[in-house]
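One structure follows; several queries about it will come next.
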Amino acid sequence: MFVITEDTKRILEEGDTAFIIESVGEWYDSKLRLLISCFHNGMSKEEIREACDSDSADYNIYWTSFEG
């Protein structure tokens, strides 16, 4: 199985780092492109803030290593 970033279409390999929206399984190289995608998909500023806040119960957007 392989994963491609939504914004640059880069194939992620083991150990590569990128942003992920864990709830939908989408990976991004650019945080700006990730945020634009969130807005286009109907998320509010507050929902995005909560999704990026590691102390929030809705935390699911973050920078991490790909482990395929």
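Cβ contacts < 8 Å: first residue at pLDDT 95 or above, restricted to the range 31-45; second residue outside any helix (DSSP H, G or I) and of a type in the set (Ser, Thr, Tyr), any location; separation 6+ or different chain. Result?
From the range 31-45, the pairs are Leu34/Tyr28; Ser37/Tyr28.
If Asp58 satisfies all but one of (1) in contact with a Phe, Trp or Tyr (Cβ under 8 Å, 6 or more places away or on another chain); (2) in a loop (DSSP other than H, G, I, E, B); (3) among the charged types (D, E, K, R), what's the number of the condition it fails?
(1)
Please work out if Asp29 is out of contact with any helix residue (DSSP H, G or I) (no Cβ under 8 Å at 6 or more places or on another chain) and crowded, with 17+ Cβ neighbours inside 10 Å.
On the way: out of contact with any helix residue (DSSP H, G or I) (no Cβ under 8 Å at 6 or more places or on another chain): yes; crowded, with 17+ Cβ neighbours inside 10 Å: yes.
Taking the combined requirement at face value, the residue satisfies it.
Considering every residue within the range 11-18, establish whether at least one is under 9 Å from the mean Cα position of the chain (by Cα) and either loosely packed, with under 14 Cβ neighbours inside 10 Å or modelled with pLDDT of 95 or more (or both).
Filtering the range 11-18 for residues under 9 Å from the mean Cα position of the chain (by Cα) gives 18.
Then drop every residue that is not either loosely packed, with under 14 Cβ neighbours inside 10 Å or modelled with pLDDT of 95 or more (or both), which leaves 18.
Looking for residues that are under 9 Å from the mean Cα position of the chain (by Cα) and either loosely packed, with under 14 Cβ neighbours inside 10 Å or modelled with pLDDT of 95 or more (or both), one finds at least one in the range 11-18, hence yes.
For the range 36-50, how many residues meet the condition of being crowded, with 16+ Cβ neighbours inside 10 Å, more than 12 Å from Ile21 (Cα to Cα) and hydrophobic (A, V, I, L, M, F, W, C)?
Residues in the range 36-50 being crowded, with 16+ Cβ neighbours inside 10 Å, more than 12 Å from Ile21 (Cα to Cα) and hydrophobic (A, V, I, L, M, F, W, C): 1 in total.
The values are calculated or read from the model by the stated rules, or taken from the named source; none is laboratory data. Please read all numbers here as calculations on a predicted model, not as lab measurements. Positions of Cβ are generated from backbone atoms using ideal geometry, with glycine treated the same way; all protein chains shown enter the neighbour counts.
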